[in-house]
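Worksheet: the structure to be examined is printed underneath.
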Amino acid sequence: MAVSALLRMTAPMRRDFEIPYHDLGDPDQPPRVALVAGLHGDEINGVFVLSRLANFLGGVDLGERAAQTLLGRVIIIPAVNVLGLNIRSRTWPFDKTDINRMFPGYDAGETSQRIAHAVLQVTRDARYRIDLHSSNLDIEESPQVRLYDPSPGERSTAFLFGLPAVVERPSSSLFTATIGHAWQGLGGENFVIQAGQAGNLHLAYCERLFRALVDFLRRTGTLEGVELSEEDEDSYYFGPQQSLQLISDYAGIFVSNLHPGRWVQAGDVIGYVYHGFDGEIHGEIRTPVAGLLTALRRQPLLCQGDLVGRVHTRR
Amino acid sequence: MPTTAPMRIAHQEEILTLDLPYCEQLAISRTIFGSGGPRVAIVAGIHGDEVEGLYACHRLARWLTELCRTRPEALRGTVELYPGLNPLGLDTLQRWVPIYDADLNRAFPGDDAGLLPQRIAAAAMAHLDGAAMVIDVHASNIYLREIPQVRINQDFAERLVPLARKMNLDVIWVHGAVTVLETTLAHSLNARGTPCLVVEMGVGMRLTPSFTEQLIVGILGLWQELGVLDPSVVIPPPDHHPLLADDTNVHYLNAETSGLFVPAVEHWRAVFEGQVLGNIVSAHDGETLSQIRSPADGILFTLREYPLVYEGSLMARIVATDTVPNGAA
C-alpha cells in the first residue's frame, strides 16, 4: 500500500500542497480500477466513501483481513479539488474554474488544466475508471450509475455495481471537457456514479456506495474472499428516452416530503410551491408519469423554470 | 395650450421575464433605435464582472440619440443594444449567473424550457438570429488585461476576418476550435449563419474609456458599410490596424511557480526576445522566485492585472511580429 501525490504545487501564500492518492496492490501491474471523487470540492459523499474504501483495501493489501486478497492494482483519489474541499468551494477556488470542465488538461497550462492532466495521467492505464459525484447544492440524487454514449460492454458492466438505477444519457457539447469524456477516449470502461447532494454527507447512500464498489471489485475479479451480507436489490436500466425532468412554472418556496429513490405513480404530488410573501399555495408539482424518482429538489427557493425532480420511467 | 409629446427616439422592451422566489422578477431588456433596414446588435454583460461593454452601449446610445435628433433619416437600419444579458450577475458583482453558478457563455444556444441561464440564452438567440451583424463585447476577466481585439473561431474565419479588419481594433486572434466553446453565443450564432464578432478589451471590473472610443469608431464604420447608417454620416476614420494572431504566433507565458507577479513592462508594448517582462517574488522574504522573459520579438497584448499567481497562472501573451502597430509603444 502506498500513498503518492499526483501533483505537488507551490501556493502564493500558503504552504506548498499536494493532491495525494492511494496506490493499492501490486505496483508492477497496470492499474485495474481507478476511482476518483472530489473533482467538485462541495461533493463530500464520494470523498468519504473512497477514503473508507482505501482504508478497507489498505487492510486487505497489508494482509490484515484473512481470506481476502487484492488481485489487481487499485488507484483511489478521494479528492482532486483539495483546496476546494477545505474551503467548501465547488470549483478550483483561485480562478473559479470547474476542474471537471478542464479535461484532458494540459501540463503547461493553467493550474486547473495541470491538475486535470495529472489526474488523467494517473488513471489512464486502468481497465475500469469510476468518477463519483453527489449532484449540486440544489438537488439530491438517489444512487445511480450514469453512462454517456456508452459501449455495449459498459452497459452490461454497469450492473456489476448492483445499484438500483443505471441511467444512460446522450453526451452533449457541455460534457466534452469532463473527465468521463476524456476517459472514453482512452478505452477501457468508464462510469460516473451519482449519489446524494453536494454540501452534505448522506450516511445511508455512502454505505450503499461502499457496498456497490466492493461488489464491483469482487465481480470484476479485483478483490476475492469478500462475502456480502445482503442480496442485491433490483437494478433497472433507463435509456435516454426514459427520463422526464419535472420543471416548475411557479417561483416561490418548494416543499416536499418525498425522498429520491422511491417509485411514484402518474399524478402523484411531488411537492408544493408556496408564495414567498403571502404564504398562499401557488401550485403543486405532479409527475405526469409513473417511474423511479431519481432526483428531488432540496433547495427550497425556487425560480420559475427550475428543476424540481427527475422521474425515470419503465417504458 | 396643447403640448406635444417629445419624439421617442429609442424604445426599450423586455425579451424575457422570469419570476424569482420572492417578490422580484428577472428581466432582460434591450434598447432599439430605428426600424426596418439592416438589423445590427451589440451584446454586453454576459459575464457579470465585465463592464466595458456596458459603457460601449451607453456611448452608442448617446451617439444614436444625437443622430436621430438631428438627422433621423440617416439611421437607415435598426440598432439593438443588449447591455446586460446577465443582470443578476452585474448587479451583484458575480461573473457567473447567480444561484446557478453557471457561465452564461457556456449555455448557448439555450433552451426556452430549461433552467434560467438556458432560458436567457434561448431568448437572446431567438432575438439575435438573422441579424446582419452581432458584436459581443467582453472585458477579459479580473485577472488579465487585454488590448482591444477580436477573437474568431477558425471555423468562421473566412467570413469574419474581413469584417473584423474594419473594427479599428489592434489584434484579430483566430483561435483553434475548442469543443467547449461551441456553447458560446458567438459560436451558436455563427453556426446558424448570423455573423457574430467577439470583442475582448480591458479588464474585469474596470472601464477603459479610450478603448471604448476606439471600438465605437470601428462599430460605426462597420454599420455604415452594412447600410445601417447613411453614407453621408461623418465617422472618424479608423486609426488602428490589426495584427493577425493565430496558433502559430501567439506565445503564452504561464507562471512556473506561485507567488506575487510584478510586471516590469507596461501593457501593449513592443517587446524583444529575452526582455524581462516581470518577476514572481515572495511576500515572505526578499526572494525573486522566477523571472519572466519574452520568448520572441512582438507585442505584449495580454498582461496579468491580478498579481497573485499559482503555478500555471497566465501572466502574459505575446503575438510575435517584427512590426510595431499604431497604439503600441
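Tabulated data for the structure shown
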quantity	calculated
Interface residues, the stretch B:19-34 - accessible area loss of 40 Å² or more versus chain alone, probe 1.4 Å	B:D19, B:P21, B:Y22
Highest-fluctuation residue, A:R73, A:R15, A:R211 considered, GNM on chain A with Cα pairs under 10 Å	A:R15
Charge dipole magnitude, Cβ of K and R +1, D and E -1 - chain A, Cα centre, debye nearest 20	320
Rounded to 10°, Cα long-axis angle of helix B:52-70 versus longest principal axis of chain B	40
Global form of the protein assembly as shown, assessed from the alpha-carbon gyration tensor, a/c cut-off 1.5	oblate
Under 14 Å, Cβ to Cβ, from A:A266 - net charge with Lys/Arg +1 and Asp/Glu -1	+2
The stretch A:241-312, relative contact order in percent, only Cα pairs under 8 angstrom and at least six apart counted	43
Neighbouring partner chain Cβ atoms per residue of A:299-307, average, 10 Å criterion	6
Angle between chain B longest axis and helix B:209-225 axis [Cα atoms, degrees, rounded to 10]	50
Leading residue at positive end of dipole, the stretch A:241-312 (Cβ point charges), from A:T294, A:I270, A:N257	A:T294
Probe 1.4 Å - accessible area at A:Y106, Å² to nearest ten	120
Accessible heavy-atom area order of A:E154, B:E225, highest first, probe of 1.4 Å	B:E225, A:E154
Share of carbon and sulfur in the accessible heavy-atom surface of the protein assembly as shown [1.4 Å probe, %]	50
Virtual spin-label span in nm between A:I87 and A:W263, 7 Å along Cα→Cβ	4.8
Surface/4 estimate of mean projected area, convex hull on alpha-carbon atoms of chain A, nm²	17.6
Among A:G109, A:V166, A:G187 the positive-end extreme of the charge dipole of the stretch A:4-237 (Cβ point charges)	A:G109
For B:M133, net neighbour charge (Lys/Arg +1, Asp/Glu -1) across residues whose Cβ lies under 10 Å away	0
Note, ³J(HN,Hα) from phi for the stretch A:69-86, Karplus 6.51, -1.76, 1.60, rounded to Hz, x at Gly and Pro	9, 8, 8, x, 6, 10, 9, 10, 10, x, 9, 7, 8, 4, 5, x, 5, 5
Gaussian network model of chain B, Cα within-10 Å springs - most flexible of B:L197, B:L116, B:L93	B:L93
Using a Förster distance of 45 Å, the FRET efficiency for B:E225-A:E284 (Cβ separation, nearest 0.05)	0.20
Simple Cβ-charge dipole of the stretch A:192-292, Lys/Arg +1 and Asp/Glu -1, about Cα centre, in debye nearest 20	220
Crossing angle, helix B:116-128 versus chain B [Cα axis fit, 0-90 degrees, rounded to tens]	60
Net dipole in debye of chain B [+1 Lys, Arg Cβ; -1 Asp, Glu Cβ; about Cα centre; nearest 20]	900
Highest-fluctuation residue, B:A139, B:A121, B:A113 considered, GNM on chain B with Cα pairs under 10 Å	B:A113
Helix-only [θ]222 nm of chain B, DSSP H runs n ≥ 4, -39500 (n - 2.57) each, per residue, nearest 500	-6500 deg cm²/dmol
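The values are calculated or read from the model by the stated rules, or taken from the named source; none is laboratory data. What you see is a predicted model; the values in this text were computed from it and never measured. No Cβ is skipped: glycine too gets one built from the backbone with ideal geometry, and neighbour counts run over all protein chains shown. The area values use the complete protein model at the heavy-atom level, side chains included, leaving out ligands, DNA and RNA. Shrake-Rupley method; radii C 1.70, N 1.55, O 1.52, S 1.80 Å.
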